[in-house]
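Okay, so here's the structure we're looking at.
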Amino acid sequence: MSPEKWQQTKGQIQDAFTDVEISQGKLPEPYVGEAEIVLFTGPLGKMKLEYITKPVLLDKKTHGSRRIGSETAVEYIYSDTEFTHQLKAHKWDEAQNDWLEIDMRGSFQL
């Protein structure tokens, strides 16, 4: 989902529902990127939308030697200008007392 479409979707949620909470933050280590979370109560119950923005991974370099017992380090190189965007939807499950991710791949038919 593009950033423009996300802003439009977020605006529609704020217009349609009264108890909307929006928060932003960085992704936990070791991930690189930011997440914006929208919590609201809709017709299906408590819902959570996560819009994740990450820089594009350009290269992955492995540093190490062939000696026994030596350590290996991995260096990731990210783009400063290109980003990927991902939207995840979750529904609150009272039975499990946890968020369950909604599989959006099967919901569209051509």
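The values are calculated or read from the model by the stated rules, or taken from the named source; none is laboratory data. All figures in this text were calculated on a predicted structure; none of them were measured in a lab. Note: ideal-geometry Cβ built from the backbone for every residue, glycine included; neighbour counts use all protein chains shown. Heads up: the accessible areas ignore ligands, DNA and RNA and are worked out on the full protein's heavy atoms, side chains in. Shrake-Rupley method; radii C 1.70, N 1.55, O 1.52, S 1.80 Å.
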Return the pairs, sorted by first residue and then second, in which the second residue is at pLDDT below 95 and open to solvent by 90 Å² or more (accessible area, probe 1.4 Å), the first residue lies in the stretch 1-29 and is farther than 17 Å from His85 by Cβ, the beta carbons are less than 8 Å apart, and the residues are 6+ apart or on different chains. Val20/Gln14
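State all residues of the stretch 47-97 that are more than 24 Å from Phe17 (Cα to Cα) and touching a residue at least 60 places away in the same chain (Cβ under 8 Å); if no residue qualifies, say none.
His85
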So in the stretch 65-96, with the set limited to residues that are of a type in the set (A, V, I, L, M) and farther than 21 Å from Gly42 by Cβ, which one is nearest to the chain's Cα centre (by Cα)? Ile77
Among the acidic types (Asp, Glu) and touching a Ser or Thr at 6+ places or on another chain (Cβ under 7 Å): does that describe Glu34? yes
